[in-house]
1. Do we have any residue at all in region 7-29 that's in a loop (DSSP other than H, G, I, E, B), within 11 Å of the chain's Cα centre (by Cα), within 18 Å of residue 286 (Cα to Cα) and of a type in the set (Val, Ile, Thr)?
2. Being closer than 16 Å to residue 394 by Cα, touching an Asp or Glu at 6+ places or on another chain (Cβ under 9 Å) and of a type in the set (S, T, N, Q): is that true of residue 426 here?
3. Which of the residues spanning region 436-460 are among the charged types (D, E, K, R) and more than 21 Å from residue 412 (Cα to Cα)?
4. All but one of (1) polar (S, T, N, Q); (2) surrounded by fewer than 21 Cβ atoms within 10 Å (Cβ to Cβ); (3) under 15 Å from the mean Cα position of the chain (by Cα) hold for residue 37, so report the exception by its number.
5. Residue check: is residue 467 surrounded by 20 or more Cβ atoms within 10 Å (Cβ to Cβ) and in a loop (DSSP other than H, G, I, E, B)?
6. Counting only residues that are within 20 Å of residue 458 (Cα to Cα) and touching a residue at least 40 places away in the same chain (Cβ under 8 Å), how many does region 408-432 have?
7. Condition test on residue 65, is it in contact with a Gly (Cβ under 8 Å, 6 or more places away or on another chain) and not aromatic (Phe, Trp, Tyr)?
8. So which residues in region 339-394 are under 21 Å from the mean Cα position of the chain (by Cα) and among the small types (Gly, Ala, Ser), if there are any at all?
Amino acid sequence: MFNRSSGVLAHISSVPGKYGIGTFGKEAVEFASFLRSMDIRTWQVLPLCPTDDYNSPYAGCSAFAGNPFFIDPEILFEEKLLTKEELDSAVAPQPYSADFEFLKKTRLPLFKKAFDRFRKDNMDILNAFLKENPDLDDYALFTALKEHYDLLPWWEWPEDIRMREEKAVKKAKEELKDEYFFALFLQYQFHKQFTNLKEKVNALGVSIIGDMPIYLAHDSADVWANKALFSIDEKTCALRSCAGVPPDYFSADGQMWGNPLYNWDAMKKDGYKWWIKRAGYAFRLYDAVRIDHFRAFSAYWAIPAGEKATKGEWIKGPGMDFFNALRKEYPASPIIAEDLGDIDDDVRQLVKDTKFPGMGVMQFAFLSDGDNTHMPYNYTKDTVAYTGTHDNNTILGWLWEANDASRRRICNYCNFEGDWGMGGYNAPCIKTIIRTLFESSAVLAIVPVQDLCGFGADTRMNTPGKADGNWSFRITKESLDGVNKDFFRQLSNMYNRNNNLI
């Protein structure tokens with residue numbers, strides 16, 4: 001399905017720029033050009049959906065909407081939707097991390113000014129956009145209602161609108177028309193800007209891998225609009241059970257994510273229509289899609305409402321029945337299966353049956369003396385291999401936190417002797433570990449952008465089980481300028497990874 005290639009993992013939010021967060025503007029094109037200059041042909045991003053209160057893109061409020069913060073203010077200025085003064089007001093105090101507080105205070109009021117100018121002559125454009133993207137109707141109304149009800153979760157709204165009675169929905173659309181169309185305007189700009197960005201990135205010879213979270217937030221447009229498809233009480237709308245994982249590498253107590261689980265029996269009755277629409281949306285956005293927590297299609301950890309994560313149990317998922325239905329609609333599904341975590345033979349068989357490439361993570365390979373699937377010598381042409389993912393530490397942080405025995409195994413395996421603790425652009429141990437990844441048989445070798453620079457643990461993107469302080473890492477242009485491009489270009493060419501992914 002995929003060609004032998006190399007890639008870099010960097011979320012849009014991490015791209016350089018002066019507007020508080022990475023956007024779909026010229027800096028994103030420059031980042032893709034930076035990758036191409038090293039003969040790295042794949043850019044993997046994290047989910048682009050609206051985030052939760054903790055800024056996590058893995059608990060979004062819609063499967064069909066994008067994060068408005070990625071809309072580039074400069075493009076709006078070029079389209080005469082913002083004045084120069086308004087554009088200048090969008091410049092954040094510092095470029096070194098995603099300034100979520102600044103964005104939440106200033107960005108939507110700024111975009112409302114752009115909308116006021118746009119709406120005068122362009123409402124027909126929004127109506128046409130809605131016809132092409134009908135699933136955004138629920139999201140736009142949900143967003144308008146959230147603002148109207150002071151951000152209360154939908155299950156605390158008045159009963160008629162909570163239960164989506166036809167008369168109440170019609171009335172809300174009429175009374176909240178401005179808020180409804182503002183939400184649509186943001187989605188129109190998001191999709192237009194991302195489509196333009198992707199065209200420019202693809203023209204450079206770089207493919208984009210998107211990321212699809214397995215679950216949605218309870219307080220989301222999709223759960224509100226499709227209650228029967230989720231594990232919630234029909235009357236109270238409270239969770240019957242929620243998603244999470246048992247104790248694992250990241251947490252000795254397991255993790256309770258709090259997302260509603262799917263009612264797979266109900267989904268099967270209509271041929272998994274909602275999920276197939278969701279996959280189709282992702283296929284339209286990206287060149288390939290990584291499905292997060294893929295093992296849940298085999299079996300998922302169900303935690304009874306109000307219980308701890310350790311009280312959960314494995315429940316059988318839809319398995320190949322779903323993927324057979326998906327393949328009928330999308331015969332060449334460009335999917336990467338995130339088959340990490342508590343993996344058993346059933347999960348391995350499902351990955352094999354789907355013929356999707358699975359994942360290998362070098363940081364998991366050296367946790368014990370024994371053989372495991374994450375050892376680079378076990379990577380096959382059906383493996384997408386990483387030094388680490390967004391949930392892992394950086395290579396440098398990992399080396400410093402590893403115990404002596406694990407660190408010795410890492411260095412011995414990579415045939416490294418010397419100063420393992422050195423960081424920076426030319427850190428010898430980090431370069432040797434990346435070389436080991438590139439020379440493996442994995443079809444795709446991906447390195448987080450922090451590891452291109454040899455950064456430490458303070459630049460980690462996410463620490464699972466920790467609610468605060470995540471998702472804010474950003475890179476600056478000056479940092480990218482320091483990367484040893486010759487080294488990565490040499491690796492890509494030496495190991496035949498200078499090919500486009502698809």
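The values are calculated or read from the model by the stated rules, or taken from the named source; none is laboratory data. This structure is a prediction, so every number in the text was calculated from the model and none was measured. Cβ coordinates were reconstructed from backbone atoms using ideal geometry, including for glycine residues, and neighbour counts include every protein chain displayed.
1. Checking region 7-29: not a single residue is in a loop (DSSP other than H, G, I, E, B), within 11 Å of the chain's Cα centre (by Cα), within 18 Å of residue 286 (Cα to Cα) and of a type in the set (Val, Ile, Thr).
2. no
3. 458, 460, listed by residue number.
4. (3)
5. no
6. 3
7. no
8. 341, 358, 360, 385, 388 - these are the residues of region 339-394 that are under 21 Å from the mean Cα position of the chain (by Cα) and among the small types (Gly, Ala, Ser).
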